[in-house]
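Before any comments, here is the structure.
The values are calculated or read from the model by the stated rules, or taken from the named source; none is laboratory data. Remember, predicted model here, so these are calculated numbers, not experimental data. No Cβ is skipped: glycine too gets one built from the backbone with ideal geometry, and neighbour counts run over all protein chains shown. Ligands, DNA and RNA are excluded from the accessible area calculation, which covers all protein heavy atoms including side chains. Shrake-Rupley method; radii C 1.70, N 1.55, O 1.52, S 1.80 Å.
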Amino acid sequence: MHSHPMKRVFHRALTGAFFLFPLTVSQSIYAHGSTPLPLQGVTIPVSKGLLDGKNPIVVNKTAAIQLGKALFWDTAVGSDGMACASCHFHAGADRRIQHQLSPGLLHKTPTGSVFEVRASGAQSGVNYTLKRSDFPLHQFANPNNKNSDVIITSDDVVASAGTFSRQFNRLANKGSQIDDCRSTTDQTFHEGELNTRQVQKRHTPSVINAAFNFRNFWDGRANNIFNGVSAYGTRDVDAGIWVTQADGSTIKEPLRLENASLASQAVAPPLNDAEMSCSQRRFPDVARKLLSRLPLSNQDVHAEDSVLARLRDISGKGLTVRYEDLIKTAFASRYWAGSGDFGKPKTAAAPYKQIEANFSLFFGLALQLYQQTLISDQSPFDTPRLPNTYPQIPEGLNTQQVRGLNVFLNAHCAVCHKGPTLTSAAHPDIYTYDSPFASLRLVNRKTLSGSFTGKGVLQGLMDEGYFNTSVTPDDNDIGVGGTDPYGNPLSLSTQYAQQLLTGKPMVDPVLVNACDLDNPFSLDFPEAKLVDDVYVNGSCGDRAINAKIPSLAAWQAELKRGKLGKAFMPVKGAFKVPSLRNVELTGPYMHNGSLATLEQVVDFYFRGGNFKNEGHFTTLVFSQTFNEQDKADLVAFLKSLTDERVRWERAPFDHPQLRVPHGHTENASSNPKQAQDQLLNIPAVGKNGRDVSVGALQAFEHYLQP
């Protein structure tokens, strides 16, 4: 990792020790969080073996990035015209306003399948057009007081329209990008007898700077380890990649590529039957559809596209090189050159080739390498710090934004939105240490309620960067408190508590040192109930005295006590802390898309959330008495986190043309069981960005009707 010119940077691997700095009179200020460092010069965590070593997986990074960008923006990847970018076209997020409501499908109650009346008084449902007056979805008589009367509440979610409900039969006919699928009756997303596109269960987060996250998705299910096939890393024990050996034979081998959460995330949507795919479609089917195609063949590619210009067809539509050629240029031949039978399609077609059987590997890693170029580190906040200022002030901030920075720190925002990525869900390897209270862990033990200094009444084991701020009641969506398809906890802290501390290996191979916790077990367990931490890896340094864990009997007793005990895990209803970079442009906000403006976000935090959930992080999310000027200053500071390259879609944020489904007409489409799409045209943009006559990207609220 590179050293930052303003601060000494400590590299912290998963196994690294905690560095304890001498405490000073500034300790209480540090507890609020100090000014996060700029993102410039921070290195993306390396996936060893991907590009380096004697036998790298990718042999041509440029070709892999070209492949990744084409796949990300190509509407042929989906079964019915959905690209990855269809939900990530606006500052890496989704700003569509029509047919974007989902009726709380993760809420296991009767209301979870029913669209509710909006605050505007309108009956919502499929094809509904959102209004400014619909937000927030949970409204108080006094926005500053969560104990005031509730005007309206809803378990609906503002998310992203995806694919129609259909079952895969066979690939698209030659010349078409729409797969041959059988329409199935959709009980939720329909108008009369016509199916409409399904809407997702959570709001779409931005992909920009996601390369720095240790895990991805709101619930962290996109594993740090990429297995080449699915999102679940080592949890998916059957996952494997076909590799050609020196003697020409091929064998299926497990892949364990670390720091590849973006690849784990990338392979999920193309097969998700609500996001991009007909149900029962598989990655080899996607491969057979795409390999012989010219990428983006139905979409404009700008003549000055920063990645694809050299491959652009003279017609302006698509590229001149096939997907198969890009794969063979980008990836080592041992992953695609083998011969033989690599499984059979469900239809009576030829067996899959190795290049088809391994397509999930190519897809995930190409998208990862492309998305790793989407780093926004040139905001006013990233300018050099003025000398002799505390907190350190970026020289690019105006007077109001400087005041807002002070509000940001005094309101404890920097404790969760910390570090150069402005999120504590970042990878520990890129985290920078600028105070003894700014370290980052994967599993931590914090004061859940009580005073900020750690002398609270309740400690909780939690996944660092995944917190319960009471946006919705826990039962609406349990977040990282959920499980994977194999029954394992998504939460790392739950694994630590229920597996490692009871003598079982954790499902995810991460290391947790008891001495590293904010509030060690020695803080509140009697010495007689503690034993040496046999799982310590590396040195605890000056914190060796805290290298203690509860005895098995003591810990099992606390587990039985639940929240009343010292083994409480507040993971139900906890979600990933999103980065605040470009937050001005990435609304609506929260995992359920329930807030339309930054002003509403500020009100939410300053009143202490919406509800009083069992695992609510009261220590940080509590009622605060900042005035209206303070709030306006904070919003102004948040807008200083916008990179103008993102606002104007300049390289690397330029892109091909995209036609995005945006609601439906009242008519049937060519499929008599589906409503006709309305399409939002997103023009191709080159490396120099959007034309001034078109204007810059706007905040979500700009697109809403009154």
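Would you mind calculating the relative contact order of the stretch 96-178 from Cα pairs under 8 angstrom and at least 6 residues apart, reporting the percent as a whole number?
30
Quick check for you: with a 1.4 Å probe and neighbouring chains kept, what is the accessible area per residue of the stretch 45-93, in Å²?
Using a 1.4 Å probe on heavy atoms only, each residue of the stretch 45-93 averages 29 Å².
Once phi is turned into ³J(HN,Hα) by the Karplus curve 6.51 cos²θ - 1.76 cosθ + 1.60 with θ = phi - 60°, what whole-Hz value does each residue of the stretch 677-683 show in order, with x for glycine and proline?
Per residue, the Karplus-derived 3J(HN,Hα) values read 6, 9, 10, 9, 8, 9, x Hz.
Where in the stretch 510-546 is the amide nitrogen less than 16 Å from a point lying 7 Å along the Cα-to-Cβ axis of Ala553?
526-532
From Cα pairs below 8 angstrom and at least 6 apart in sequence, can you work out the relative contact order of the stretch 466-581, rounded to a whole percent?
Here the relative contact order equals 40 percent.
Give the cross-link partners of Lys131 among the lysines, using a straight C-alpha distance below 21 Å as the criterion and excluding same-chain residues fewer than 8 apart.
Partners within reach: Lys201.
Which value, in debye to the nearest 20, gives the size of the charge dipole of the chain about its Cα centre, when Lys and Arg are +1 and Asp and Glu are -1 at the Cβ? The partial results should precede the final answer.
Numbers: 69 positive and 66 negative charges, 180 e Å.
In total the dipole reaches around 860 debye.
For the chain, take the longest principal axis of its alpha carbons; what is the angle in degrees between that and the long axis of helix 359-371, to the nearest 10 within 0 to 90?
Helix 359-371 and the main axis of the chain meet at about 60 degrees.
Counting only DSSP beta bridges with both residues in the chain, what percent are antiparallel, rounded to the nearest 5?
Details: 45 of 49 bridges.
So the antiparallel bridges amount to about 90 percent of the total.
Whole number in Å², please: accessible area per residue of the stretch 514-582, 1.4 Å probe, ligands, DNA and RNA not counted. Display every interim value, and only then the final one.
Numbers: 3250 Å² over 69 residues.
The answer is 47 Å² per residue.
Okay, helix-only estimate at 222 nm for the chain: each DSSP H run of n ≥ 4 adds -39500 (n - 2.57), divide by all residues, round to 500 deg cm²/dmol; what do you get? Present the calculation step by step, with values, prior to reporting the outcome.
Values: 14 runs with 116 residues, N = 706.
The per-residue figure over the chain is -4500 deg cm²/dmol.
Give me the percent relative contact order of the chain, please, defined on Cα pairs under 8 angstrom at least 6 residues apart.
Result for the chain is 20 percent.
Put +1 on the Cβ of each Lys and Arg and -1 on the Cβ of each Asp and Glu in the chain; which of Ala246, Gln177, Leu326 then has its Cα farthest toward the positive end of the dipole?
Ala246
In the chain, which cysteines lack any other cysteine Cβ under 4.7 Å from their own?
Result for the chain is Cys84, Cys87, Cys413, Cys416, no neighbouring Cys Cβ within the cutoff.
Quick check: at a probe of 1.4 Å, how many percent of the accessible area of the stretch 173-248 sits on carbon and sulfur atoms?
47
What lysines sit close enough to Lys566 to cross-link, taking a C-alpha to C-alpha distance under 24 Å and skipping anything fewer than 8 places away on the same chain?
Straight-line reach from Lys566, under 24 Å: Lys446, Lys455, Lys504, Lys529, Lys548, Lys576, Lys612.
What are the lysines whose alpha-carbon lies under 30 Å from the alpha-carbon of Lys328, with same-chain residues fewer than 8 places away excluded?
Lys48, Lys54, Lys61, Lys69, Lys174, Lys252, Lys289, Lys317, Lys344, Lys346, Lys353, Lys687
Students often get this wrong: which residues of the stretch 178-222 have the backbone nitrogen under 20 Å from the point 7 angstrom along Cα-to-C-beta of Lys504?
Only 221 fall inside the zone, counting backbone N under 20 Å.
I'd like to know which of Asn142, Thr153, Thr129 lies farthest towards the positive end of the charge dipole of the stretch 124-170, counting +1 on Cβ of Lys and Arg and -1 on Cβ of Asp and Glu.
Result: Thr129.
Using a 1.4 Å probe on the protein heavy atoms, what percent of the accessible area of the stretch 526-610 belongs to carbon and sulfur?
Working: 1920 of 3440 Å².
Roughly 56 percent, rounded to a whole number.
Rounded to the nearest whole Å², what accessible area per residue is found for the stretch 171-276 with the 1.4 Å probe?
39
Please compute the net charge surrounding Gly573, taking Lys and Arg as +1 and Asp and Glu as -1 over other residues with Cβ under 12 Å from its Cβ.
Computed value for this residue: -3.
So how strong a dipole does the stretch 181-329 carry about its Cα centre when Lys and Arg Cβ are +1 and Asp and Glu Cβ are -1, to the nearest 20 debye?
Numbers: 19 positive and 18 negative charges, 20 e Å.
Here the size comes out at about 100 debye.
If I compute solvent accessible area with a 1.4 Å probe over the protein chains, what percent of it on the stretch 255-344 is carbon and sulfur?
Summing carbon and sulfur atoms, their accessible area is 46 percent of the total for the stretch 255-344.
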